[in-house]
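Report on the structure given below.
The values are calculated or read from the model by the stated rules, or taken from the named source; none is laboratory data. Everything numeric here is computed off the predicted structure, so don't read it as measured data. Here the Cβ positions follow ideal geometry from the backbone for every residue, glycine too, while neighbour counts run over all protein chains shown. What goes into the accessible areas is simple: the full protein's heavy atoms, side chains included, and nothing from ligands, DNA or RNA. Shrake-Rupley method; radii C 1.70, N 1.55, O 1.52, S 1.80 Å.
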Amino acid sequence: FNNGEGKCVLLESIRDKDVYILSDVSNDSITYRLRGIAHHMGPDEHFMDIVRILSAECGHASKRTLIMPYLYSSRQDRKESRESLDCATSLQWLVSMGVDEIVTCDVHNKGVMNAVPTTPFENMYLTDTMLTDLLIKEDIFAFENIICISPDEGAMKRARFFSEVLDNASMGAFYKYRSQKIEDGNGKIREHRFLGNSEDLVGKIAIVTDDMIDTGGSILDTARQLKELGVEKVYLLATFAFFSRGIDKFNEYYDKGYFEKVYSTNLVYVPDEIKQQPWFEIVDCSKNIAYVINELNYGRSIGEVIKGRDAVLTKVRSLRNNRGVK
């Protein structure tokens, strides 16, 4: 409606059927007329559309599975003072309205599933798809030249996983200290420096990995410092790329040679303008989502795609063997 309210209408019977709700809550390309002005939908509005679907369904479905690749409010996952705990609250709301199972990808904090401990909560990792895409497209199979980098302490486990998969390649991390004062939606970074011996970086191919790129400030600063410390090439990998402050700085840093490529999935909306950039590679994960829906539909286990570790090890070994690399 023109005042911003909305409704959901089901156009066919769903009685005793399995309902799958797919939602990209970060898709700001969807618009509606708000008081006559084109308004881009935000996460809150997408979430309310999910609630509206559940309200319209009214308990008639046999099972309700919510597939939300980027989990709504997953960045507001903990409570440190008098602040909201949005992720836990939203999960409990969804379950109270009848959601039987939740499928998400690379959630910011796996601990949020404790908010709904009796509801199946599946967290998919797309590491095998992203990593093999990078190795094939960039023809990187000399793992002794790779160093896996965490841009902050929060991504250490991810970098270690990459290291193990890549035949125990070197790894390193940056320390990031943010101000407690929030400015323009973020705490200002007071200190961001490499932890370790910079001599280990010289001549290496660095793979910087994180769960998301928001403004890009941290990951771009990581790329710049790595190049200044002697790294030969820098590749940036993130499951979700939002580019919430545009891509001007990415273009600037790419032109300066601070990084080679950004690899990210199509699990969230990526504008065509970004897809067409010479430094951006989109990793198609549509089949991963389709596979999960198919297996759930037939009542089969999705453990293999959820874990991912065995799959990526098998793929990487196969790729190396095909190229004669032991």
Report every pair of residues separated by at least 6 positions or lying on different chains whose Cβ atoms are under 9 Å apart, first residue within the stretch 136-152 and at positive phi, second open to solvent by 10 Å² or more (accessible area, probe 1.4 Å) and in a loop (DSSP other than H, G, I, E, B). Asp139/Arg323
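Every residue, every condition in (1) among the aliphatic types (A, V, I, L, M); (2) in contact with a Pro (Cβ under 7 Å, 6 or more places away or on another chain); (3) closer than 22 Å to Ala238 by Cα; (4) in contact (Cβ under 8 Å) with a residue 40 or more places away in the chain, yes or no:
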site: Ile37; (1), (2), (3), (4): yes, no, no, no
site: Gly42; (1), (2), (3), (4): no, no, yes, no
site: Ile53; (1), (2), (3), (4): yes, no, no, yes
site: His60; (1), (2), (3), (4): no, no, no, yes
site: Lys63; (1), (2), (3), (4): no, no, no, yes
site: Tyr72; (1), (2), (3), (4): no, yes, yes, yes
site: Lys79; (1), (2), (3), (4): no, no, no, no
site: Arg82; (1), (2), (3), (4): no, no, no, no
site: Ala88; (1), (2), (3), (4): yes, no, no, no
Just to be sure I understand, how many residues within the stretch 217-250 are assigned to a helix (DSSP H, G or I), within 26 Å of His40 (Cα to Cα) and open to solvent by 40 Å² or more (accessible area, probe 1.4 Å)? 2
Quick check: is even one residue across the stretch 33-47 under 20 Å from Leu296 (Cα atoms) and open to solvent by 60 Å² or more (accessible area, probe 1.4 Å)? no
Restricting attention to the stretch 101-122, which residues are open to solvent by 10 Å² or more (accessible area, probe 1.4 Å) and in a strand (DSSP E or B)? Glu101, Phe121, Glu122
Can you tell me how many residues in the stretch 62-94 are in a loop (DSSP other than H, G, I, E, B) and open to solvent by less than 10 Å² (accessible area, probe 1.4 Å)? 3
Every residue in the stretch 129-144 that is buried (at least 16 other Cβ atoms within 10 Å of the Cβ), over 13 Å from Glu260 (Cα atoms) and among the charged types (D, E, K, R), please. Asp133
Taking the stretch 278-291 as the search range and keeping residues that are in a helix (DSSP H, G or I) and touching a Ser or Thr at 6+ places or on another chain (Cβ under 9 Å), which one is most open to solvent (accessible area, probe 1.4 Å)? Lys287
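Each row is one residue, and each column tells you yes or no for (1) of a type in the set (Lys, Arg); (2) touching a Gly at 6+ places or on another chain (Cβ under 7 Å); (3) closer than 20 Å to Phe162 by Cβ.
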{"site": "Ile207", "(1), (2), (3)": "no, no, yes"}
{"site": "Gln225", "(1), (2), (3)": "no, no, yes"}
{"site": "Gly246", "(1), (2), (3)": "no, no, no"}
{"site": "Lys256", "(1), (2), (3)": "yes, no, no"}
Here is a check on your reading of the model: is Lys7 in a loop (DSSP other than H, G, I, E, B), basic (Lys, Arg), farther than 17 Å from Asn123 by Cβ and free of Cβ contacts under 8 Å to residues at least 12 places away in the same chain? no
Check Leu267 against each of (1) within 17 Å of the chain's Cα centre (by Cα); (2) part of a helix (DSSP H, G or I) and name the one condition it does not meet. (2)
Where a residue in the stretch 237-258 is more than 20 Å from Ala155 (Cα to Cα) and its partner, wherever it lies, is open to solvent by 70 Å² or more (accessible area, probe 1.4 Å), with Cβ under 8 Å and at least six apart: Ile247/Glu273; Tyr254/Pro278
